[in-house]
Amino acid sequence: MSQYNFTFSEVMTKKTKPYGKDLAFGRYFTDHMFVMEYHHQKGWYDGKIIPHQPLTLDPASMIFHYGQTVFEGLKAYATKDGEIQLFRPEENIARLNRSNERMCIPQIDPDLALAAIKELVRIEKDWIPKQEGTSLYIRPFIIATEPYLGVAPAKQYKFIIILSPVGAYYKEGINPVKIAVETEYIRAIKGGTGEVKTAGNYAGSLIAQQKSAAKGYTQVLWLDALERKYIEEVGSMNVFFKIDGEVITPELNGSILPGVTRKSVIQLLKHWNEPVTERKISIDEVITAHKEGRLEEAFGAGTAAVISPIGELVCEDNKLVINNGKTGETARKLYDTLTGIQYGELPDPFNWINKIDV
Ligand SMILES: *Cc1c(COP(=O)(O)O)cnc(C)c1O
């Protein structure tokens with residue numbers, strides 16, 4: 001039990017766990033959820049763990065009209081020794097509060113948020129799938145619940161955490177994907193909301209994803225909104241290119257989401273004394289490097305897939321096949337190391353792991 005003493009109402013009948021099934025991402029939910037209320041005169045109050053259930057909200061709730069909301073995404077992993085561990089949850093909570101600040105949502109005490117995540121995961125520990133590559137996805141989010149149609153920051157919110165058992169992102173280990181450079185739509189611009197996790201960013205990106213999926217691509221590569229020249233992200237992952245032995249990732253510029261995986265990749269490469277640079281990188285630079293045979297690898301990085309190699313990158317008339325469409329050695333080593341640490345199979349030299357007492 002945490003010092004916060006969240007009340008716990010246990011479900012009457014537990015659901016059948018989707019064992020043995022293909023755990024498609026985000027389709028199954030556990031028995032319980034965490035809910036806490038905010039009222040501007042009371043602050044955050046009434047944190048509780050209750051059965052996972054539909055919400056009852058006034059249709060005037062501000063979330064439905066002006067999208068005042070933030071979310072996070074992280075995972076709990078079961079180790080072979082039966083331990084349960086989180087990967088850098090403090091980073092997700094710090095980012096949740098940065099998202100809150102941008103969206104005019106009140107800050108949440110980081111210790112309380114971590115205690116809520118840990119307590120819920122502890123209660124739902126039997127839901128953590130055990131097969132290789134599987135985990136329990138944790139989705140904390142906040143919604144504006146005040147019934148009011150004025151455009152202003154709400155005075156009432158709910159902080160909710162739901163859990164979803166998820167399968168290995170790739171059934172046969174990591175596999176390179178095909179990516180199309182998006183030249184019509186943009187994802188974000190400095191001064192906007194691209195560097196925080198808020199729903200509108202994703203709603204606005206669906207059309208590009210839909211367009212590229214219809215042409216057979218997995219995701220889009222986003223370019224900067226002003227010049228349509230510099231690379232920003234791939235789908236909802238950060239992106240890395242290996243050119244002439246140097247790993248390059250776009251620098252955080254006010255429109256790129258600062259990923260926890262991105263930060264971990266940079267720290268690992270530095271730890272291995274491998275050249276890694278955060279700077280502007282244009283799509284032309286990548287195309288030229290490929291023409292000259294210097295583009296060795298490209299990959300995305302994010303919590304869901306960990307590392308996602310790019311086997312083919314298409315930009316209008318240019319089709320770049322990268323590393324013969326195979327997973328490169330840097331992508332492979334990063335994937336093996338990150339997942340090794342997450343599942344407790346490798347040492348954790350950076351203290352990234354936060355264990356849950358079971
Ligand atoms: C969540 C997210 C990422 C990756 O962040 P992680 O903390 O590594 O999961 C990258 N880009 C976007 C747009 C995201 O929403």
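Within segment 235-263, being in a loop (DSSP other than H, G, I, E, B) and either near the ligand (Cβ under 9 Å from one of its atoms) or more than 20 Å from Val181 (Cα to Cα) (or both) holds for Gly235, Ser236, Asp244, Gly245, Gly254, Ile256, Leu257, Pro258, Gly259. In segment 19-91, which strands (runs of 3 or more DSSP E) lie fully inside it and hold 2 or more residues that are touching a Ser or Thr at 6+ places or on another chain (Cβ under 7 Å)? Of the strands (runs of 3 or more DSSP E) lying wholly inside segment 19-91, those with at least 2 residues that are touching a Ser or Thr at 6+ places or on another chain (Cβ under 7 Å) span 43-51, 69-71, 74-78.
Cβ separations smaller than 6 Å between residues 6+ apart or across chains give the following pairs from segment 196-218 residues that are open to solvent by less than 40 Å² (accessible area, probe 1.4 Å) to residues that are of a type outside the set (S, T, N, Q) and away from the ligand (no atom under 15 Å from the Cβ): Ser212/Ala180.
Where residues in segment 264-303 are surrounded by fewer than 18 Cβ atoms within 10 Å (Cβ to Cβ) and within 16 Å of the ligand (Cβ to nearest atom), which of them is nearest to Ile231 (Cα to Cα)? The selected residue is Glu278. Check whether at least one residue in segment 5-25 is touching a residue at least 60 places away in the same chain (Cβ under 8 Å) and closer than 22 Å to Thr198 by Cα, and report yes or no. Yes, the conditions are met somewhere in segment 5-25. Restricted to segment 117-137, and to residues there that are open to solvent by 30 Å² or more (accessible area, probe 1.4 Å) and under 19 Å from Lys355 (Cβ atoms), the residue that is nearest to the chain's Cα centre (by Cα) is Lys118. Would you confirm whether or not segment 55-67 contains a residue that is within 16 Å of the ligand (Cβ to nearest atom), under 30 Å from Val151 (Cβ atoms) and either open to solvent by 50 Å² or more (accessible area, probe 1.4 Å) or among the β-branched types (Val, Ile, Thr) (or both)? Within segment 55-67, not a single residue is within 16 Å of the ligand (Cβ to nearest atom), under 30 Å from Val151 (Cβ atoms) and either open to solvent by 50 Å² or more (accessible area, probe 1.4 Å) or among the β-branched types (Val, Ile, Thr) (or both).
Tallying residues that are open to solvent by less than 20 Å² (accessible area, probe 1.4 Å) and either assigned to a strand (DSSP E or B) or among the hydrophobic types (A, V, I, L, M, F, W, C) (or both) within segment 138-156 yields 6. Within segment 1-34, the set of residues being in contact with an Asp or Glu (Cβ under 8 Å, 6 or more places away or on another chain), open to solvent by less than 80 Å² (accessible area, probe 1.4 Å) and among the aliphatic types (A, V, I, L, M) comprises Val11 only.
Taken together, the residues in segment 89-116 that are open to solvent by 20 Å² or more (accessible area, probe 1.4 Å) and within 13 Å of the ligand (Cβ to nearest atom) amount to 4.
Answer yes if at least one residue in segment 183-191 is under 17 Å from the mean Cα position of the chain (by Cα) and within 16 Å of the ligand (Cβ to nearest atom), and no otherwise. Yes, segment 183-191 contains a residue that is under 17 Å from the mean Cα position of the chain (by Cα) and within 16 Å of the ligand (Cβ to nearest atom).
The values are calculated or read from the model by the stated rules, or taken from the named source; none is laboratory data. Worth saying up front: this structure is predicted, and the values here are computed from it rather than measured. Because the Cβ atoms are built from the backbone with ideal geometry, glycine has one as well, and the counts that use them run over all protein chains shown. The area values use the complete protein model at the heavy-atom level, side chains included, leaving out ligands, DNA and RNA. Shrake-Rupley method; radii C 1.70, N 1.55, O 1.52, S 1.80 Å.
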